[in-house]
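S.K.: My questions will all concern the structure given below.
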Amino acid sequence: MHTEQSGARRRASTAAFAGSVLEYYDFSLYASAAATVFPRVFFPGASPFLATMQSVATFAVAFLVRPIGGSILGSIGDRFGRRRVLVFTLLLMGFATVCIGLVPGHGTIGWLAPVLLVVLRILQGIGASGEFGGATLVAVEFAPDRRRGLLGSLPAAGASFGGMLGTLALLAASSATTGEQFFAWGWRIPFLLSAVLVAYGLWVRLRLPETPSFREADQEGRTARTPIRHILRHQARSVLAIIAIVTAQTGFGYFYLVFVVSYAGTHVGFSRTETFTGLLVAQISCGLLIPVFGWLSDVVGRRPVITFGMVASGVLAFPFFVLLQRDWPFGLWLAMFLGNGVAASAIVAPAGTLVTELFSTQYRYSGMGLAREFGNMLGAACIPLLAVQLAGVDGETTALSVMLVVLALVGLTGVAITRAGHDTTSQPRTPSRDRSALPSAER
(Lines give C-alpha, C1' and ligand atoms only; values in the text may rest on other atoms or scores of the structure.)
Protein backbone atom coordinates (compact mmCIF):
# COMPACT_ATOMS: atom_id res chain seq x y z
CA MET A 1 0.00 0.00 0.00
CA HIS A 2 2.82 2.38 0.91
CA THR A 3 4.56 1.61 -2.39
CA GLU A 4 1.34 2.30 -4.29
CA GLN A 5 0.92 5.66 -2.52
CA SER A 6 4.54 6.59 -3.21
CA GLY A 7 4.10 5.74 -6.89
CA ALA A 8 0.96 7.89 -7.10
CA ARG A 9 2.79 10.77 -5.45
CA ARG A 10 5.65 10.50 -7.91
CA ARG A 11 3.25 10.50 -10.85
CA ALA A 12 1.40 13.47 -9.39
CA SER A 13 4.63 15.41 -8.86
CA THR A 14 5.78 14.58 -12.39
CA ALA A 15 2.44 15.55 -13.89
CA ALA A 16 2.33 18.81 -11.92
CA PHE A 17 5.90 19.78 -12.79
CA ALA A 18 6.02 18.55 -16.39
CA GLY A 19 2.57 19.88 -17.21
CA SER A 20 3.46 23.32 -15.90
CA VAL A 21 6.73 23.27 -17.84
CA LEU A 22 4.84 22.61 -21.04
CA GLU A 23 2.00 25.03 -20.34
CA TYR A 24 4.29 27.91 -19.41
CA TYR A 25 6.66 27.20 -22.25
CA ASP A 26 3.70 28.24 -24.38
CA PHE A 27 2.59 31.10 -22.17
CA SER A 28 6.04 32.59 -21.52
CA LEU A 29 7.14 32.15 -25.12
CA TYR A 30 4.47 34.67 -25.99
CA ALA A 31 5.80 37.05 -23.33
CA SER A 32 9.32 36.95 -24.80
CA ALA A 33 8.02 37.40 -28.33
CA ALA A 34 5.73 40.25 -27.25
CA ALA A 35 8.73 42.16 -25.97
CA THR A 36 11.06 41.50 -28.89
CA VAL A 37 9.26 40.28 -32.04
CA PHE A 38 5.63 41.29 -32.20
CA PRO A 39 6.16 45.09 -32.31
CA ARG A 40 7.85 44.66 -35.70
CA VAL A 41 5.81 41.75 -37.11
CA PHE A 42 2.29 42.75 -36.06
CA PHE A 43 2.55 46.51 -35.39
CA PRO A 44 4.90 47.92 -38.05
CA GLY A 45 4.98 51.64 -38.71
CA ALA A 46 4.24 52.64 -35.12
CA SER A 47 6.75 54.48 -32.95
CA PRO A 48 8.89 52.25 -30.70
CA PHE A 49 6.88 53.38 -27.66
CA LEU A 50 3.48 52.77 -29.29
CA ALA A 51 4.53 49.45 -30.83
CA THR A 52 5.79 48.25 -27.45
CA MET A 53 2.59 49.43 -25.78
CA GLN A 54 0.42 47.61 -28.33
CA SER A 55 2.48 44.44 -28.12
CA VAL A 56 2.45 44.35 -24.31
CA ALA A 57 -1.31 44.99 -24.45
CA THR A 58 -1.83 41.82 -26.50
CA PHE A 59 0.16 39.99 -23.83
CA ALA A 60 -1.99 41.49 -21.09
CA VAL A 61 -5.35 40.70 -22.69
CA ALA A 62 -5.04 37.02 -21.77
CA PHE A 63 -5.09 37.96 -18.10
CA LEU A 64 -8.34 39.88 -18.45
CA VAL A 65 -10.25 36.65 -19.17
CA ARG A 66 -8.46 34.57 -16.56
CA PRO A 67 -10.77 35.31 -13.58
CA ILE A 68 -13.75 34.14 -15.64
CA GLY A 69 -11.93 31.12 -17.01
CA GLY A 70 -10.45 30.27 -13.61
CA SER A 71 -13.84 30.46 -11.89
CA ILE A 72 -15.56 28.26 -14.48
CA LEU A 73 -12.78 25.70 -14.78
CA GLY A 74 -12.29 25.71 -11.00
CA SER A 75 -15.97 24.97 -10.44
CA ILE A 76 -15.79 22.11 -12.93
CA GLY A 77 -12.69 20.80 -11.17
CA ASP A 78 -14.44 20.91 -7.77
CA ARG A 79 -17.52 19.16 -9.09
CA PHE A 80 -16.08 16.59 -11.52
CA GLY A 81 -12.39 16.20 -10.70
CA ARG A 82 -8.99 17.83 -11.19
CA ARG A 83 -7.62 15.57 -13.95
CA ARG A 84 -10.27 16.32 -16.57
CA VAL A 85 -9.67 20.04 -16.30
CA LEU A 86 -5.90 19.66 -16.55
CA VAL A 87 -6.17 17.60 -19.76
CA PHE A 88 -8.46 20.25 -21.27
CA THR A 89 -6.16 23.16 -20.36
CA LEU A 90 -3.18 21.38 -21.89
CA LEU A 91 -4.96 20.79 -25.19
CA LEU A 92 -6.35 24.32 -25.37
CA MET A 93 -2.99 25.93 -24.66
CA GLY A 94 -1.22 23.76 -27.22
CA PHE A 95 -3.77 24.49 -29.93
CA ALA A 96 -3.57 28.25 -29.39
CA THR A 97 0.23 28.31 -29.31
CA VAL A 98 0.68 26.35 -32.52
CA CYS A 99 -1.84 28.61 -34.25
CA ILE A 100 0.07 31.72 -33.12
CA GLY A 101 3.08 30.34 -34.96
CA LEU A 102 0.95 30.11 -38.13
CA VAL A 103 -0.64 33.59 -38.07
CA PRO A 104 0.65 35.73 -40.98
CA GLY A 105 2.17 39.09 -40.14
CA HIS A 106 0.67 42.54 -40.64
CA GLY A 107 2.44 42.87 -43.97
CA THR A 108 0.49 39.89 -45.34
CA ILE A 109 -3.07 40.22 -44.03
CA GLY A 110 -3.09 43.71 -42.50
CA TRP A 111 -5.23 44.45 -39.45
CA LEU A 112 -6.52 40.87 -39.33
CA ALA A 113 -3.09 39.73 -38.10
CA PRO A 114 -3.21 41.47 -34.68
CA VAL A 115 -6.90 40.54 -34.34
CA LEU A 116 -6.10 36.83 -34.76
CA LEU A 117 -3.17 37.25 -32.38
CA VAL A 118 -5.48 38.66 -29.69
CA VAL A 119 -8.06 35.88 -30.15
CA LEU A 120 -5.43 33.17 -29.80
CA ARG A 121 -3.93 34.96 -26.83
CA ILE A 122 -7.33 34.90 -25.14
CA LEU A 123 -7.51 31.14 -25.67
CA GLN A 124 -4.07 30.86 -24.06
CA GLY A 125 -5.39 32.84 -21.11
CA ILE A 126 -8.37 30.54 -20.66
CA GLY A 127 -6.09 27.50 -20.74
CA ALA A 128 -3.65 29.00 -18.25
CA SER A 129 -6.48 30.06 -15.91
CA GLY A 130 -7.14 26.45 -14.92
CA GLU A 131 -3.62 25.13 -15.28
CA PHE A 132 -1.57 26.43 -12.38
CA GLY A 133 -4.29 26.00 -9.78
CA GLY A 134 -5.07 22.47 -10.90
CA ALA A 135 -1.41 21.45 -11.03
CA THR A 136 -0.84 22.87 -7.55
CA LEU A 137 -3.86 21.04 -6.16
CA VAL A 138 -2.69 17.75 -7.65
CA ALA A 139 0.77 18.18 -6.10
CA VAL A 140 -0.52 19.27 -2.69
CA GLU A 141 -3.41 16.82 -2.39
CA PHE A 142 -1.08 13.88 -3.06
CA ALA A 143 1.68 15.21 -0.78
CA PRO A 144 2.42 14.14 2.82
CA ASP A 145 1.52 16.86 5.31
CA ARG A 146 5.11 17.84 6.08
CA ARG A 147 6.09 18.17 2.41
CA ARG A 148 3.18 20.14 1.05
CA GLY A 149 5.20 23.33 0.75
CA LEU A 150 7.97 21.62 -1.20
CA LEU A 151 5.75 19.58 -3.51
CA GLY A 152 3.24 22.41 -3.87
CA SER A 153 6.03 24.62 -5.20
CA LEU A 154 6.79 22.26 -8.11
CA PRO A 155 4.22 23.78 -10.51
CA ALA A 156 5.76 27.21 -9.91
CA ALA A 157 9.23 25.78 -10.55
CA GLY A 158 7.87 24.10 -13.67
CA ALA A 159 6.48 27.42 -14.84
CA SER A 160 9.91 29.02 -14.48
CA PHE A 161 11.64 26.23 -16.38
CA GLY A 162 8.92 26.34 -19.02
CA GLY A 163 9.62 30.02 -19.44
CA MET A 164 13.31 29.24 -19.66
CA LEU A 165 12.69 26.70 -22.43
CA GLY A 166 10.60 29.23 -24.30
CA THR A 167 13.33 31.85 -24.03
CA LEU A 168 16.02 29.35 -25.07
CA ALA A 169 13.97 28.29 -28.08
CA LEU A 170 13.51 31.90 -29.14
CA LEU A 171 17.18 32.66 -28.53
CA ALA A 172 18.24 29.59 -30.55
CA ALA A 173 15.99 30.64 -33.41
CA SER A 174 17.42 34.14 -33.23
CA SER A 175 21.02 32.88 -33.23
CA ALA A 176 20.48 30.42 -36.09
CA THR A 177 18.97 32.99 -38.44
CA THR A 178 19.82 36.44 -39.71
CA GLY A 179 17.84 39.36 -38.34
CA GLU A 180 15.62 39.46 -41.40
CA GLN A 181 15.03 35.70 -41.38
CA PHE A 182 14.24 35.71 -37.68
CA PHE A 183 11.50 38.31 -38.02
CA ALA A 184 10.20 36.73 -41.25
CA TRP A 185 9.86 33.12 -40.06
CA GLY A 186 12.48 32.12 -37.48
CA TRP A 187 10.43 33.24 -34.46
CA ARG A 188 7.63 30.89 -35.51
CA ILE A 189 9.63 27.68 -35.00
CA PRO A 190 9.45 27.65 -31.16
CA PHE A 191 5.68 28.13 -31.31
CA LEU A 192 5.25 25.21 -33.71
CA LEU A 193 7.47 22.97 -31.57
CA SER A 194 4.86 23.29 -28.85
CA ALA A 195 2.88 20.50 -30.53
CA VAL A 196 5.56 17.95 -29.64
CA LEU A 197 5.79 19.11 -26.04
CA VAL A 198 2.03 19.10 -25.52
CA ALA A 199 1.81 15.54 -26.84
CA TYR A 200 4.21 14.43 -24.10
CA GLY A 201 2.31 16.39 -21.45
CA LEU A 202 -0.95 14.79 -22.53
CA TRP A 203 0.58 11.33 -22.16
CA VAL A 204 1.72 12.19 -18.62
CA ARG A 205 -1.62 13.58 -17.51
CA LEU A 206 -3.79 10.83 -18.94
CA ARG A 207 -1.92 8.40 -16.65
CA LEU A 208 -2.62 10.51 -13.56
CA PRO A 209 -5.23 9.21 -11.07
CA GLU A 210 -7.69 11.55 -9.37
CA THR A 211 -6.43 13.07 -6.11
CA PRO A 212 -7.23 11.32 -2.78
CA SER A 213 -8.87 14.49 -1.43
CA PHE A 214 -11.33 14.75 -4.31
CA ARG A 215 -12.05 11.01 -4.33
CA GLU A 216 -12.87 11.13 -0.63
CA ALA A 217 -15.13 14.16 -1.02
CA ASP A 218 -16.85 12.61 -4.03
CA GLN A 219 -17.45 9.26 -2.32
CA GLU A 220 -18.88 11.00 0.77
CA GLY A 221 -21.12 13.25 -1.33
CA ARG A 222 -19.34 16.40 -0.19
CA THR A 223 -18.67 17.92 -3.63
CA ALA A 224 -20.21 21.38 -3.89
CA ARG A 225 -22.83 22.31 -6.46
CA THR A 226 -22.14 26.07 -6.26
CA PRO A 227 -18.60 26.45 -4.91
CA ILE A 228 -18.16 30.05 -6.11
CA ARG A 229 -21.28 31.18 -4.24
CA HIS A 230 -20.03 29.56 -1.05
CA ILE A 231 -16.61 31.18 -1.33
CA LEU A 232 -17.99 34.66 -1.94
CA ARG A 233 -20.46 34.36 0.94
CA HIS A 234 -18.29 32.69 3.55
CA GLN A 235 -14.62 33.17 2.61
CA ALA A 236 -14.47 36.66 1.14
CA ARG A 237 -11.57 37.57 3.44
CA SER A 238 -9.46 34.70 2.13
CA VAL A 239 -10.31 35.69 -1.44
CA LEU A 240 -9.19 39.28 -0.83
CA ALA A 241 -5.97 38.10 0.83
CA ILE A 242 -5.04 35.88 -2.10
CA ILE A 243 -5.92 38.58 -4.63
CA ALA A 244 -3.55 41.00 -2.87
CA ILE A 245 -0.71 38.46 -2.58
CA VAL A 246 -1.03 37.25 -6.18
CA THR A 247 -1.36 40.81 -7.53
CA ALA A 248 2.05 41.56 -6.01
CA GLN A 249 3.52 38.18 -6.95
CA THR A 250 2.58 38.31 -10.63
CA GLY A 251 3.12 42.05 -10.78
CA PHE A 252 6.76 41.62 -9.78
CA GLY A 253 7.24 38.54 -11.94
CA TYR A 254 5.92 40.00 -15.16
CA PHE A 255 7.53 43.35 -14.47
CA TYR A 256 10.88 41.57 -14.71
CA LEU A 257 9.99 39.06 -17.43
CA VAL A 258 8.10 41.38 -19.77
CA PHE A 259 8.68 45.05 -19.04
CA VAL A 260 12.36 44.93 -18.05
CA VAL A 261 13.22 42.86 -21.12
CA SER A 262 11.64 45.52 -23.31
CA TYR A 263 13.04 48.40 -21.25
CA ALA A 264 16.59 47.03 -21.30
CA GLY A 265 16.60 46.98 -25.09
CA THR A 266 14.56 50.11 -25.85
CA HIS A 267 15.80 52.56 -23.21
CA VAL A 268 19.13 51.20 -21.99
CA GLY A 269 20.39 49.85 -25.30
CA PHE A 270 21.27 46.26 -24.48
CA SER A 271 21.47 43.88 -27.44
CA ARG A 272 18.89 41.15 -28.00
CA THR A 273 21.38 38.52 -26.83
CA GLU A 274 22.14 40.45 -23.62
CA THR A 275 18.47 40.90 -22.77
CA PHE A 276 17.67 37.25 -23.55
CA THR A 277 20.57 36.25 -21.29
CA GLY A 278 19.14 38.40 -18.50
CA LEU A 279 15.77 36.75 -18.99
CA LEU A 280 17.39 33.30 -18.77
CA VAL A 281 19.18 34.28 -15.57
CA ALA A 282 15.85 35.34 -14.07
CA GLN A 283 14.06 32.16 -15.10
CA ILE A 284 16.78 29.64 -14.23
CA SER A 285 17.49 31.15 -10.82
CA CYS A 286 13.77 31.33 -10.05
CA GLY A 287 13.23 27.70 -11.08
CA LEU A 288 16.11 26.51 -8.90
CA LEU A 289 15.23 28.58 -5.83
CA ILE A 290 11.47 27.99 -5.80
CA PRO A 291 11.78 24.43 -4.38
CA VAL A 292 14.22 25.79 -1.76
CA PHE A 293 11.71 28.38 -0.60
CA GLY A 294 8.93 25.79 -0.82
CA TRP A 295 10.90 23.50 1.51
CA LEU A 296 11.62 26.44 3.82
CA SER A 297 7.89 27.14 4.08
CA ASP A 298 7.46 23.61 5.46
CA VAL A 299 9.95 24.52 8.18
CA VAL A 300 9.03 28.08 9.18
CA GLY A 301 5.56 28.51 7.64
CA ARG A 302 4.14 30.02 4.46
CA ARG A 303 3.68 33.60 5.64
CA PRO A 304 7.26 34.30 6.84
CA VAL A 305 8.68 33.18 3.49
CA ILE A 306 6.18 35.26 1.49
CA THR A 307 6.83 38.25 3.76
CA PHE A 308 10.56 37.97 3.07
CA GLY A 309 9.88 38.01 -0.67
CA MET A 310 7.65 41.07 -0.44
CA VAL A 311 10.10 43.02 1.71
CA ALA A 312 13.05 42.08 -0.50
CA SER A 313 11.13 43.19 -3.60
CA GLY A 314 10.36 46.56 -2.04
CA VAL A 315 13.94 47.10 -0.85
CA LEU A 316 15.26 46.30 -4.34
CA ALA A 317 12.93 48.78 -6.08
CA PHE A 318 15.44 51.64 -6.36
CA PRO A 319 18.79 49.77 -6.52
CA PHE A 320 17.40 47.63 -9.35
CA PHE A 321 17.62 50.46 -11.88
CA VAL A 322 21.04 51.56 -10.63
CA LEU A 323 22.33 48.19 -11.81
CA LEU A 324 20.99 48.72 -15.35
CA GLN A 325 23.90 50.46 -17.08
CA ARG A 326 24.52 50.15 -20.79
CA ASP A 327 28.21 49.24 -20.58
CA TRP A 328 27.72 46.67 -17.82
CA PRO A 329 25.41 43.78 -18.85
CA PHE A 330 26.39 41.95 -15.66
CA GLY A 331 24.37 44.60 -13.81
CA LEU A 332 21.25 43.60 -15.74
CA TRP A 333 21.87 39.93 -15.02
CA LEU A 334 22.50 40.56 -11.32
CA ALA A 335 19.37 42.68 -11.05
CA MET A 336 17.27 39.98 -12.70
CA PHE A 337 18.75 37.34 -10.38
CA LEU A 338 17.98 39.34 -7.25
CA GLY A 339 14.57 40.57 -8.37
CA ASN A 340 13.05 37.53 -10.04
CA GLY A 341 15.38 34.76 -8.89
CA VAL A 342 15.40 35.52 -5.17
CA ALA A 343 12.65 37.95 -4.18
CA ALA A 344 9.89 36.86 -6.57
CA SER A 345 10.56 33.14 -6.11
CA ALA A 346 10.19 33.52 -2.33
CA ILE A 347 6.68 34.84 -2.95
CA VAL A 348 5.49 32.35 -5.54
CA ALA A 349 6.96 29.20 -3.94
CA PRO A 350 4.60 28.96 -0.92
CA ALA A 351 1.70 30.92 -2.44
CA GLY A 352 0.01 27.99 -4.18
CA THR A 353 0.14 25.82 -1.07
CA LEU A 354 -1.15 28.69 1.05
CA VAL A 355 -4.22 28.96 -1.16
CA THR A 356 -5.00 25.26 -0.83
CA GLU A 357 -4.81 25.61 2.95
CA LEU A 358 -7.20 28.55 3.02
CA PHE A 359 -10.00 26.61 1.29
CA SER A 360 -11.53 23.21 2.02
CA THR A 361 -11.39 20.41 -0.55
CA GLN A 362 -14.81 20.91 -2.12
CA TYR A 363 -14.17 24.64 -2.77
CA ARG A 364 -10.42 24.60 -3.28
CA TYR A 365 -10.13 24.63 -7.09
CA SER A 366 -12.78 27.36 -7.35
CA GLY A 367 -11.06 29.44 -4.68
CA MET A 368 -7.75 29.07 -6.47
CA GLY A 369 -9.31 29.91 -9.83
CA LEU A 370 -11.25 32.95 -8.66
CA ALA A 371 -8.82 34.58 -6.23
CA ARG A 372 -5.54 33.73 -7.91
CA GLU A 373 -6.66 34.58 -11.42
CA PHE A 374 -8.21 37.89 -10.35
CA GLY A 375 -4.86 38.74 -8.79
CA ASN A 376 -3.20 37.62 -12.01
CA MET A 377 -5.40 40.01 -13.97
CA LEU A 378 -4.43 42.96 -11.77
CA GLY A 379 -0.75 42.14 -11.44
CA ALA A 380 0.27 40.57 -14.73
CA ALA A 381 -2.02 42.55 -17.04
CA CYS A 382 -1.87 45.97 -15.41
CA ILE A 383 1.67 46.26 -14.02
CA PRO A 384 3.61 45.84 -17.32
CA LEU A 385 1.24 48.29 -19.05
CA LEU A 386 1.50 50.77 -16.19
CA ALA A 387 5.28 50.39 -16.21
CA VAL A 388 5.45 51.20 -19.94
CA GLN A 389 3.41 54.35 -19.33
CA LEU A 390 5.45 55.44 -16.30
CA ALA A 391 8.72 54.96 -18.18
CA GLY A 392 7.36 56.94 -21.14
CA VAL A 393 9.72 57.88 -23.93
CA ASP A 394 12.59 59.04 -21.71
CA GLY A 395 12.86 55.93 -19.52
CA GLU A 396 12.23 57.68 -16.17
CA THR A 397 12.74 55.20 -13.31
CA THR A 398 11.69 56.98 -10.10
CA ALA A 399 8.00 56.40 -10.70
CA LEU A 400 8.73 52.77 -11.59
CA SER A 401 10.52 52.25 -8.27
CA VAL A 402 7.67 53.84 -6.33
CA MET A 403 5.27 51.51 -8.14
CA LEU A 404 7.29 48.48 -6.99
CA VAL A 405 7.26 49.70 -3.38
CA VAL A 406 3.48 50.14 -3.50
CA LEU A 407 3.16 46.67 -4.99
CA ALA A 408 5.14 45.21 -2.08
CA LEU A 409 2.85 46.98 0.40
CA VAL A 410 -0.20 45.51 -1.34
CA GLY A 411 1.27 42.03 -0.98
CA LEU A 412 2.14 42.56 2.68
CA THR A 413 -1.43 43.67 3.29
CA GLY A 414 -2.61 40.37 1.84
CA VAL A 415 -0.28 38.44 4.15
CA ALA A 416 -1.61 40.42 7.12
CA ILE A 417 -5.20 39.54 6.16
CA THR A 418 -4.39 35.83 6.19
CA ARG A 419 -2.82 36.27 9.61
CA ALA A 420 -5.97 37.98 10.85
CA GLY A 421 -7.99 35.02 9.58
CA HIS A 422 -7.25 31.43 10.54
CA ASP A 423 -3.77 30.15 11.28
CA THR A 424 -1.96 28.43 8.39
CA THR A 425 1.05 26.65 9.79
CA SER A 426 3.86 24.68 8.29
CA GLN A 427 1.91 21.50 9.03
CA PRO A 428 -1.34 21.88 7.10
CA ARG A 429 -4.54 19.98 7.69
CA THR A 430 -5.25 16.63 6.16
CA PRO A 431 -8.17 16.54 3.69
CA SER A 432 -10.52 14.73 6.06
CA ARG A 433 -10.21 17.59 8.58
CA ASP A 434 -10.51 20.45 6.10
CA ARG A 435 -13.94 21.76 7.07
CA SER A 436 -13.64 21.19 10.81
CA ALA A 437 -10.32 23.01 10.84
CA LEU A 438 -11.87 26.17 9.44
CA PRO A 439 -13.06 28.75 11.96
CA SER A 440 -16.80 29.22 12.21
CA ALA A 441 -16.66 32.53 10.36
CA GLU A 442 -15.21 30.76 7.30
CA ARG A 443 -17.36 27.61 7.25
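The values are calculated or read from the model by the stated rules, or taken from the named source; none is laboratory data. Computed from a predicted structure; not experimentally measured. Every residue, glycine among them, receives a Cβ derived from its backbone with ideal geometry; neighbour counts consider all protein chains shown.
S.K.: Enumerate the pairs (first residue in segment 101-116 and under 22 Å from residue 193 (Cβ atoms); second residue anywhere and of a type in the set (Ser, Thr, Tyr) and assigned to a helix (DSSP H, G or I)) with beta-carbon separation below 9 Å, excluding pairs fewer than 6 apart on the same chain, so at least 6 apart or on different chains.
M.R.: Note: pairs meeting the criteria are 101/194.
S.K.: Quick one: would you say residue 390 is in a helix (DSSP H, G or I), at pLDDT 85 or above and touching a Leu at 6+ places or on another chain (Cβ under 9 Å)?
M.R.: Against the criterion (in a helix (DSSP H, G or I), at pLDDT 85 or above and touching a Leu at 6+ places or on another chain (Cβ under 9 Å)), residue 390 qualifies.
S.K.: All but one of (1) more than 21 Å from the chain's Cα centre (by Cα); (2) farther than 25 Å from residue 98 by Cβ hold for residue 203; state the number of the condition that does not hold.
M.R.: Status for residue 203: all satisfied but (2).
S.K.: Can you find a residue that is at pLDDT below 75 and polar (S, T, N, Q) anywhere in segment 66-84?
M.R.: No, there is no match, as no residue in segment 66-84 is at pLDDT below 75 and polar (S, T, N, Q).
S.K.: Inside segment 234-347, counting only helices (runs of 4 or more DSSP H) that do not spill past its ends, which hold 3 or more residues that are more than 19 Å from residue 34 (Cβ to Cβ) and without any contact (Cβ under 8 Å) to a residue 24 or more places away in the chain?
M.R.: Hits in segment 234-347: 329-336.
S.K.: Here's another thing I want to ask about it. Here is a check on your reading of the model: is residue 97 of a type outside the set (A, V, I, L, M) and surrounded by fewer than 24 Cβ atoms within 10 Å (Cβ to Cβ)?
M.R.: No: the conditions fail for residue 97.
S.K.: Among the residues of segment 160-215, how many are closer than 15 Å to residue 38 by Cα, among the aromatic types (Phe, Trp, Tyr) and surrounded by 15 or more Cβ atoms within 10 Å (Cβ to Cβ)?
M.R.: Number satisfying all stated conditions: 4.
The rows are residues; the columns are (1) surrounded by fewer than 24 Cβ atoms within 10 Å (Cβ to Cβ); (2) at pLDDT 95 or above.
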residue: 310; (1), (2): no, yes
residue: 313; (1), (2): no, yes
residue: 320; (1), (2): no, no
residue: 324; (1), (2): yes, no
residue: 329; (1), (2): yes, no
residue: 332; (1), (2): no, no
residue: 346; (1), (2): no, yes
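S.K.: While we're on this one: Can you go through 42, 59 and tell me which one is out of contact with any Cys (no Cβ under 9 Å at 6 or more places or on another chain) and modelled with pLDDT under 75?
M.R.: Sole residue among the options that is out of contact with any Cys (no Cβ under 9 Å at 6 or more places or on another chain) and modelled with pLDDT under 75: 59.
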